[in-house]
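Engineer: Please read through the structure below; I'll follow up with questions.
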Amino acid sequence: MANAIAAIEALADVIIANKEKLTELDAAIGDADHGINMTRGFEAVRSKLAAVEQLKDIGSVLKLVGMTLISTVGGASGPLYGTAFIRAAAVAQGKTVIDIDMAAQMFEAAIGGIKDRGKAVRGEKTMLDALEPAYEAFTQEMVKGESLTGCLTLATAAAASGVEYTKTIIATKGRASYLGERSIGHQDPGATSSYLILATLTAFAIEQEV
Amino acid sequence: MANAIAAIEALADVIIANKEKLTELDAAIGDADHGINMTRGFEAVRSKLAAVEQLKDIGSVLKLVGMTLISTVGGASGPLYGTAFIRAAAVAQGKTVIDIDMAAQMFEAAIGGIKDRGKAVRGEKTMLDALEPAYEAFTQEMVKGESLTGCLTLATAAAASGVEYTKTIIATKGRASYLGERSIGHQDPGATSSYLILATLTAFAIEQEV
Amino acid sequence: MKKVINNAEQVVEEMLQGLVLAHPQYVKRVAGFDVLVRTNSPVQGKVGLVSGGGSGHEPSHGGYVGRGMLDGAVAGAVFTSPTPDQIYEAVKAVDGGKGVLLVIKNYTGDIMNFEMAAEMAAVDGVKVAKAIVNDDVAVENSTWTTGRRGIAGTVFVHKIAGAKAEQGANLAEVQKTAEKVIANVHSMGMALSPCTVPAAGKTSFTLSDNEVEIGMGIHGEPGTHRESIRTADEIAEHLLNKILGDSELKAGDEVAVMVNGLGGTPLMELYIVNRKVAAMLAEKNIVIAKTYVGNYMTSLEMAGFSITVLKLDSELKALLFAPADTPAFVQF
Amino acid sequence: MKKVINNAEQVVEEMLQGLVLAHPQYVKRVAGFDVLVRTNSPVQGKVGLVSGGGSGHEPSHGGYVGRGMLDGAVAGAVFTSPTPDQIYEAVKAVDGGKGVLLVIKNYTGDIMNFEMAAEMAAVDGVKVAKAIVNDDVAVENSTWTTGRRGIAGTVFVHKIAGAKAEQGANLAEVQKTAEKVIANVHSMGMALSPCTVPAAGKTSFTLSDNEVEIGMGIHGEPGTHRESIRTADEIAEHLLNKILGDSELKAGDEVAVMVNGLGGTPLMELYIVNRKVAAMLAEKNIVIAKTYVGNYMTSLEMAGFSITVLKLDSELKALLFAPADTPAFVQF
Ligand SMILES: Nc1ncnc2c1ncn2[C@@H]1O[C@H](COP(=O)(O)OP(=O)(O)O)[C@@H](O)[C@H]1O
Ligand SMILES: Nc1ncnc2c1ncn2[C@@H]1O[C@H](COP(=O)(O)OP(=O)(O)O)[C@@H](O)[C@H]1O
Ligand SMILES: [Mg+2]
Ligand SMILES: [Mg+2]
Ligand SMILES: [Mg+2]
Ligand SMILES: [Mg+2]
């Protein structure tokens, strides 16, 4: 479990380090709190993980993360990321290592959770615009026989393009949708945090390999 | 009456022209409205004088001015200047010209009105610090046999020194008194408007002479 | 950022403490949660009303907990929807056996968090219904957007649905009344200046010296557009015309009006706005049954205001006029 | 200056119009004057209460006209005492044969103008008494100054003397009760930012980004000193200690507390202040009978607050708890 916990800690570090940036992105098209919300959530995650004695599997770690995000983040991103982690936890229940197939299933489940909760589709300027192309890239490489880290690397690159893409479209979900045309030109904060999460997990996986 | 009315109109011009300056002085040690208050009053005076058909004597003109100031200026300066004009009006009742004796009596009555109403004495950083030395200078010159305009000129000079003097003392009456020591260094707005009134009347009297 | 606070992270906690200390006759805290409920909660045999949202909108929502209005209010972080566990606690604390109505402002985050709480409560066998307020006509309503935002009109939902619940109506009836209010209430706001979320430490937008934001949301979200400031009458006319264009008001209709300050606007200015609103409605022979002027749904210290018009029928009117006794809304 | 107004010269007139349009059930205008009185004025057989002062302190004073509080309110120009003729009209309009109490805040201008009005009314045979409020402990009380200013404590005078008058007390009794309140009420304020008098068009002072003014008056008059901003608890402690130092409160005493916003302060911050005030009083075993938190005596859009503590005896307490029904102060 040390690995899973270390990965979550790496996530927390990155989110907290990007608090200002995420908040600024949200200031332009939302209510200027995305970084604050996510930081509050991941600080809570960090202290919860530190406090919990023994988590027996990856599923337990992810469930704790999801529950903690749900109960501390609030706003739109809390239920969305929280649900994503809980759905991924269900896949990882009882597991102590992650192989590429399981990773794909977890990824799919997480995105499914976000879609169930938020009822958004790709192209609405949300986290899905980073996550869905990333998932597609992941599976595309997976069928080609790429390694987990290879797939993750390409998924991260796809998420980065997805973030760029959010600048070009009108928001039709979330708070930014009130802006209509005025949302064009601005990068979606949630897509950005999704990219950061993916990039961090990728870097973590690569580090584990060496 | 044309003269008395013209004199009051000259007063109105000067007060209105000094609206900003008087307000700024009040901003430093009061509530930033002295120029606004006086302007509101003298604008009302101006339209009242224009509207009134026939004022039969100087007393009537001054009473109208006093009543108008009382009912439009408000604050501390309204009752004070209003009472001053009404007291002066009583002296000038039935009169159509002003000689030097009458001028002295009117001056004394006006100051008496301010003291009755405001219960201040000289040295408290109020309009009295301009008016009392001015009155003393006036009577001093008068007993020496000076002309009305000569007396007024010296009275105005004394008022100017009085205004300067207010910079050196602590306010113990009016709104500036809340400041205590912090009122030192600032010129009293009411003393300044008193000086302006006197200076204007003096200039007017000199103009009439030529 | 110049604020009278101790610690940006503690503002909600300390505010709730200060509120309970100020109004112990009205509200108590659900221990361990950012939830205020009536001192006599749960009121047996009465439908419970729970609302809430991000903090920073005070007196919304804690200020409306009391007889004739809310049973519980959940306080999220500043401008951030509260989390499901908090809402769930509020529902449990106020359920007197007749179920609980959740009054939710239409924001993605609020809806998701309240829905999750409703799911949690349903598992416990609590009957939960929802009413989603979307009174802000600044935002176009289309199937392609999240829909209109909930702003100051929410206070009328609290008042009227609260009165209905107080009368002993069942959950479906209270929900139906809330939905009738929602169908008949329209609002629009504007801002002269931004506000600063304590944890952010700086304003989320800036306006130049003579610029205003029309259609401003209550969380610092940008509005429909910016323009140079105009007179109070012109601004009020613009907002009210938008509102009237969206409601189906006609001569002879009766309405309630709210001129709501966003937190930093002097009451003097709100009354100057009300003067124009009343004149315009009079001109159209729309009858004002009751007017509220003040800070009801704020955005911290933002300067600006919103106008809300609620079309009344005899039911809504009677319920609006019913007495209420809460920290921030008292009416005989 | 960015304000929601039409014309700086018309703000008082238009505000009064807007206020009457908003609250016709409470107040009517004395035609031709900036005077609001109860719709049923004069109330026969009841002592009339008249207060007033410069405008810009809304809801003071027009917001307190109604059952259990004021009979009439006179609105001067912004931050400028009303003129005697206006006050005189108010007195005449509310005199129901038992005389009229003038509640005056202790400012040179207010006192002179109200006194002149009293003289005018006395000529007409109206019995007039005065109560001069001087609750601001920021200003040292010495025979060498004008004395202390009247600030938010004035609202308690309105409430309690108003309740006394409502009970049918005679003029001397109402005056005596008002004076008892005045003897027992102490306040002190602070400001974070200035405000702009519309006719002036600019702020009367400036404060740098981390500076506050302690002991601020309600007309933009400077306070006792400036300092760097501290925490809410430290500021509240400083003000409350000054207040406690001036009152003779001891363990077991009962008080009413008002945490008053100056117009631009979020309610959230006022509650954070109240938390500290309540904690300090609890520590000293001073019992808080009732707390008011909100904008009661403002300075346009100034950010800042004041704390008021009123020592109660059984008479004052009963009168404070008596019902009141006015536009801005409603209490069951
Ligand atoms: N319905 C939705 N589905 C997926 N993501 C969404 C949805 N609504 C909002 N989001 C994401 O949430 C982000 C905003 O999160 P955050 O600022 O924390 O919440 P809030 O909008 O409540 O303040 C947006 O940038 C967007 O990516
Ligand atoms: N008791 C008093 N006696 C004489 N003059 C006074 C007294 N109190 C105040 N003043 C004068 O009034 C001036 C302030 O007038 P103004 O600003 O119009 O009224 P307010 O102080 O009510 O705002 C002061 O500068 C001072 O000269
Ligand atoms: Mg946000
Ligand atoms: Mg002044
Ligand atoms: Mg938010
Ligand atoms: Mg003044």
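Engineer: Here is a list: C:S204, C:S193. Which entry is at pLDDT 95 or above and of a type outside the set (A, V, I, L, M, F, W, C)?
Structural biologist: Only one candidate qualifies: C:S193.
Engineer: Continuing with this model, one more query. Have a look at C:G162, C:G68, C:G63, C:G125 and point out the one that is away from chain A (no Cβ under 14 Å), modelled with pLDDT under 95 and away from ligand 3 (no atom under 16 Å from the Cβ).
Structural biologist: The unique qualifying residue is C:G125.
Engineer: For the stretch C:1-21, give me the residue count where each residue is facing another protein chain (nearest Cβ under 7 Å) and assigned to a loop (DSSP other than H, G, I, E, B).
Structural biologist: Result for the stretch C:1-21: 5.
Engineer: Name the residues in the stretch C:180-222 that are over 17 Å from the mean Cα position of the chain (by Cα), among the small types (G, A, S) and within 16 Å of ligand 1 (Cβ to nearest atom), would you?
Structural biologist: Matches in the stretch C:180-222: C:A199, C:A200, C:S204.
Engineer: Mind telling me which of the residues B:A104, B:A28, B:A32, B:A10 ends up being out of contact with any Cys (no Cβ under 9 Å at 6 or more places or on another chain) and more than 16 Å from ligand 4 (Cβ to nearest atom)?
Structural biologist: B:A10
Engineer: Please determine whether any residue of the stretch A:76-84 is over 14 Å from the mean Cα position of the chain (by Cα) and among the aliphatic types (A, V, I, L, M).
Structural biologist: Checking the stretch A:76-84: not a single residue is over 14 Å from the mean Cα position of the chain (by Cα) and among the aliphatic types (A, V, I, L, M).
Engineer: How many residues does the stretch B:153-179 hold that are free of Cβ contacts under 8 Å to residues at least 24 places away in the same chain and either surrounded by fewer than 18 Cβ atoms within 10 Å (Cβ to Cβ) or under 12 Å from B:L25 (Cβ atoms) (or both)?
Structural biologist: Adding up the residues that qualify gives 4.
Engineer: Hey, among C:G252, C:G245, C:G223, C:G215, which residue is crowded, with 20+ Cβ neighbours inside 10 Å and either away from chain A (no Cβ under 12 Å) or touching a Ser or Thr at 6+ places or on another chain (Cβ under 6 Å) (or both)?
Structural biologist: C:G215
Engineer: Now, a different point. Using beta carbons and a limit of 7 Å, which pairs, at least six apart or on different chains, have the first residue in the stretch C:78-106 and within 12 Å of another protein chain (Cβ to nearest Cβ) and the second one away from ligand 3 (no atom under 16 Å from the Cβ) and hydroxyl-bearing (S, T, Y)?
Structural biologist: C:T83/A:S71; C:D85/A:S71; C:K105/C:T154
Engineer: Still on this structure: When D:T206 is evaluated against the numbered criteria (1) outside the structural domain of D:I243 (by TED's automatic domain parsing); (2) under 26 Å from B:T23 (Cβ atoms), which criterion, by number, is the only one it fails?
Structural biologist: Looking at each condition in turn, D:T206 falls short on (1).
Engineer: Next up: Mind checking which residues of the stretch D:194-230 are more than 15 Å from ligand 2 (Cβ to nearest atom), in contact with an Asp or Glu (Cβ under 8 Å, 6 or more places away or on another chain), of a type in the set (A, V, I, L, M) and within 22 Å of D:V78 (Cβ to Cβ)?
Structural biologist: D:L207
Engineer: If you go through the stretch A:40-54 one residue at a time, do you hit one that is over 29 Å from A:E209 (Cβ atoms), within 16 Å of ligand 3 (Cβ to nearest atom) and of a type outside the set (D, E, K, R)?
Structural biologist: no
Engineer: Then there's this: Hey, among the residues in the stretch D:99-117 that are aliphatic (A, V, I, L, M) and closer than 18 Å to D:K159 by Cβ, which one's farthest from ligand 5 (Cβ to nearest atom)?
Structural biologist: Among those that are aliphatic (A, V, I, L, M) and closer than 18 Å to D:K159 by Cβ, it is D:V100.
Engineer: Let me ask something else about it. Restrict the check to the stretch A:141-157 and report whether at least one residue is outside any loop (DSSP other than H, G, I, E, B) and within 15 Å of ligand 1 (Cβ to nearest atom).
Structural biologist: No: zero hits.
Engineer: From (1) within 11 Å of chain C (Cβ to nearest Cβ); (2) surrounded by fewer than 24 Cβ atoms within 10 Å (Cβ to Cβ), pick out the condition that doesn't hold for D:E315.
Structural biologist: (1)
Engineer: Still on this structure, I have one more. Given the conditions (1) farther than 15 Å from D:S187 by Cβ; (2) surrounded by fewer than 20 Cβ atoms within 10 Å (Cβ to Cβ); (3) at pLDDT below 95, and given that D:K130 satisfies all but one, which numbered condition is not satisfied?
Structural biologist: For D:K130, the exception is condition (3).
Engineer: It is to be established whether one or more residues within the stretch A:128-137 are closer than 24 Å to A:P79 by Cα, within 16 Å of ligand 1 (Cβ to nearest atom) and within 14 Å of another protein chain (Cβ to nearest Cβ).
Structural biologist: The answer is yes; a qualifying residue exists.
Engineer: Can you pull out every residue in the stretch C:258-281 that is among the hydrophobic types (A, V, I, L, M, F, W, C) and either more than 7 Å from chain D (Cβ to nearest Cβ) or without any contact (Cβ under 8 Å) to a residue 40 or more places away in the chain (or both)?
Structural biologist: Hits for the stretch C:258-281 are C:M258, C:V259, C:L262, C:L267, C:M268, C:L270, C:V277, C:A278, C:A279, C:M280, C:L281.
Engineer: Consider the stretch B:110-143. How many of its residues are within 13 Å of B:K173 (Cβ to Cβ) and either of a type in the set (V, I, T) or out of contact with any Gly (no Cβ under 7 Å at 6 or more places or on another chain) (or both)?
Structural biologist: 13
Engineer: Give B:L80, B:L25, B:L62 a once-over and let me know the one that is away from every other protein chain (no Cβ under 14 Å) and either within 16 Å of ligand 5 (Cβ to nearest atom) or surrounded by 20 or more Cβ atoms within 10 Å (Cβ to Cβ) (or both).
Structural biologist: From the options B:L80, B:L25, B:L62, the qualifying one is B:L62.
Engineer: What number of residues within the stretch B:126-140 are assigned to a helix (DSSP H, G or I) and either over 15 Å from B:I100 (Cα atoms) or without any contact (Cβ under 8 Å) to a residue 24 or more places away in the chain (or both)?
Structural biologist: Going through the stretch B:126-140 one residue at a time, the tally reaches 9.
Engineer: A follow-up question, please. Which numbered condition trips up A:A89, out of (1) free of Cβ contacts under 8 Å to residues at least 40 places away in the same chain; (2) out of contact with any Ser or Thr (no Cβ under 8 Å at 6 or more places or on another chain)?
Structural biologist: Of (1) free of Cβ contacts under 8 Å to residues at least 40 places away in the same chain; (2) out of contact with any Ser or Thr (no Cβ under 8 Å at 6 or more places or on another chain), only one is false for A:A89: (2).
Engineer: When you go through (1) modelled with pLDDT of 95 or more; (2) surrounded by fewer than 22 Cβ atoms within 10 Å (Cβ to Cβ); (3) under 18 Å from C:M268 (Cβ atoms); (4) not aromatic (F, W, Y) one by one for D:M1, which number turns out not to apply?
Structural biologist: (1)
Engineer: When only residues in the stretch D:282-312 that are without any contact (Cβ under 8 Å) to a residue 40 or more places away in the chain and not in a strand (DSSP E or B) count, which is farthest from the other protein chains (Cβ to nearest Cβ)?
Structural biologist: D:N285
The values are calculated or read from the model by the stated rules, or taken from the named source; none is laboratory data. Being a predicted model, the structure only gives us computed values, none of them experimental. FYI the Cβ positions are ideal-geometry reconstructions off the backbone, even for glycines, and counts take in every protein chain you see.
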